[in-house]
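To start, the structure under review is shown below, and the notes come after it.
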Amino acid sequence: MNERKTECVKGRYPYEIRKLWKRAGKKIPEGMLLCHKCDDGWCINFDHVFLGTHKDNTQDMLSKGRHWVPRGEASPHCKMSDKDVEYVKKHYVFRGKNGNNGVALAKHFGVTQQQITRIARGER
Ligand SMILES: [Zn+2]
């Protein structure tokens, strides 16, 4: 690939690009993730994302020589930056009207609900 390096564009919240992506008329097929080539979940530069599966995302991570494995578990997920973790800790509701919001957050970040719960409990 010969891509011109472009700057990251910061969104207002993590993975805002997913919303912008859809608004631009693009689709995120079922089971696919919008992954950041630049590894910045806040980035909303369309040139910096690609559609991939969880597996692609993992391989992308591995090919870059980095991967994050949650403590005590050997299953890699879509990357969550420290900022994402902060966001989860801040917005996670343990006991809201409809129980906790782990499912929504998990969907938002493209990770498992268990991972969200773990992060919210500070067990990452
Ligand atoms: Zn970027």
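The values are calculated or read from the model by the stated rules, or taken from the named source; none is laboratory data. These numbers come from a predicted model, not from an experiment. Counting neighbours? That spans all protein chains shown, and the Cβs are built from the backbone with ideal geometry, glycine included.
Worth a mention:
- Residue count for segment 1-31 satisfying the condition of being farther than 15 Å from residue 108 by Cβ and hydrophobic (A, V, I, L, M, F, W, C): 4.
- A single entry from 34, 20 fulfils the requirement of being in contact with a strand residue (DSSP E or B) (Cβ under 6 Å, 6 or more places away or on another chain), surrounded by 13 or more Cβ atoms within 10 Å (Cβ to Cβ) and in the same structural domain as residue 54 (by TED's automatic domain parsing): 34.
- The one condition in (1) modelled with pLDDT of 85 or more; (2) in contact with a Gly (Cβ under 6 Å, 6 or more places away or on another chain); (3) within 22 Å of residue 7 (Cα to Cα) that residue 49 fails to fulfil: (2)
- Residues of segment 35-57 that are under 13 Å from the mean Cα position of the chain (by Cα) and within 12 Å of the ligand (Cβ to nearest atom): 35, 36, 37, 38, 39, 40, 41, 42, 43, 44, 49, 50.
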